[in-house]
Ligand code: ADP
Ligand code: 5GP
């Protein structure tokens, strides 16, 4: 099977559990996946480390990254900018790992435009009520920000059909496994294995000629 990594975009409403699911996926399959670390102008949350959760940037630094074409995509989200640094994505894919971009919908659609072979996954909460419970339960945002994020979820829901797959994060373990199975299937797509097809055709030709 082809050994080049797949670019995998994961989106979902704030609080759906993207971060939790990605962490579990990487812990379970550390050699298959690499998680891209984004740049952002938002402030670090309690416990978020520079270069692990995000690369935390000032407005000016972020602007410079845009000008230097150092970002694959970037977007505004509830008062801040977020973007995907190019270098890590390219080197990890070349090394054969599936690179996951955990990004919001505008960025996801830009990635699909630039890289049509990317896989777009949308992680859903079981219900809207559970989404709010998780956002409040996480305790990292004030009520006004939670309301703004829920309003944004409503807008994002309008674009869900543009994704290739929907996965519900009800039981964490099941969600992780479904995601992994989707990626395995993607590696088996005919279009991602053209070289293998050509190789076996050549071999068969030589065989039938008795070489
Ligand atoms: P996101 O990255 O999508 O904003 P998080 O991963 O931070 O979401 O999860 C939001 C909250 O929901 C966290 O407190 C997390 O522990 C909780 N959570 C995540 N997945 C589940 C799940 N399957 N069942 C119950 N709670 C979950
Ligand atoms: P948070 O502030 O909760 O960490 O992230 C807010 C939103 O920004 C989430 O929907 C997250 O997926 C998205 N996001 C994180 N990094 C990027 C990025 O590099 N590009 C884009 N477009 N969105 C991102």
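Table for the structure above
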quantity	calculated
Test: residue in region 100-113 that is more than 14 Å from the chain's Cα centre (by Cα), modelled with pLDDT of 95 or more and either buried (at least 17 other Cβ atoms within 10 Å of the Cβ) or away from ligand 2 (no atom under 11 Å from the Cβ) (or both)	yes
Unmet requirement for residue 74, which otherwise passes all of (1) under 24 Å from residue 168 (Cβ atoms); (2) without any contact (Cβ under 8 Å) to a residue 40 or more places away in the chain; (3) near ligand 2 (Cβ under 8 Å from one of its atoms)	(1)
Members of region 113-145 that are assigned to a helix (DSSP H, G or I) and without any contact (Cβ under 8 Å) to a residue 60 or more places away in the chain	113, 114, 128, 129, 130, 133, 136, 137, 143, 144
From 102, 90, residue being without any contact (Cβ under 8 Å) to a residue 60 or more places away in the chain and either within 16 Å of ligand 1 (Cβ to nearest atom) or under 26 Å from residue 194 (Cβ atoms) (or both)	90
Residue 197 being assigned to a helix (DSSP H, G or I), free of Cβ contacts under 8 Å to residues at least 60 places away in the same chain and either within 22 Å of residue 26 (Cβ to Cβ) or touching a helix residue (DSSP H, G or I) at 6+ places or on another chain (Cβ under 8 Å) (or both)	yes
Tally, over region 156-192, of residues that are touching a helix residue (DSSP H, G or I) at 6+ places or on another chain (Cβ under 8 Å) and surrounded by 12 or more Cβ atoms within 10 Å (Cβ to Cβ)	16
The lone exception for residue 43 - which of (1) surrounded by 14 or more Cβ atoms within 10 Å (Cβ to Cβ); (2) within 11 Å of ligand 2 (Cβ to nearest atom) it fails	(1)
Subset of region 1-32 (residues that are more than 16 Å from ligand 2 (Cβ to nearest atom) and in contact with a helix residue (DSSP H, G or I) (Cβ under 7 Å, 6 or more places away or on another chain))	1, 2, 4, 5, 6, 24, 28, 29
Those residues of region 114-148 which are crowded, with 19+ Cβ neighbours inside 10 Å and over 19 Å from the mean Cα position of the chain (by Cα), in sequence order	131, 135
Residues (free of Cβ contacts under 8 Å to residues at least 12 places away in the same chain, in a loop (DSSP other than H, G, I, E, B) and more than 23 Å from residue 113 (Cβ to Cβ)) located in region 151-179	171
Unmet criterion (only one of (1) modelled with pLDDT of 95 or more; (2) away from ligand 1 (no atom under 16 Å from the Cβ)) for residue 20	(2)
Those residues of region 27-41 which are over 27 Å from residue 65 (Cα atoms) and touching a residue at least 24 places away in the same chain (Cβ under 8 Å), in sequence order	28, 29, 31, 32
Selection within region 119-132 - away from ligand 2 (no atom under 13 Å from the Cβ) and closer than 20 Å to residue 88 by Cβ	119
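The values are calculated or read from the model by the stated rules, or taken from the named source; none is laboratory data. Not measured: the values here are computed from a predicted model. Positions of Cβ are generated from backbone atoms using ideal geometry, with glycine treated the same way; all protein chains shown enter the neighbour counts.
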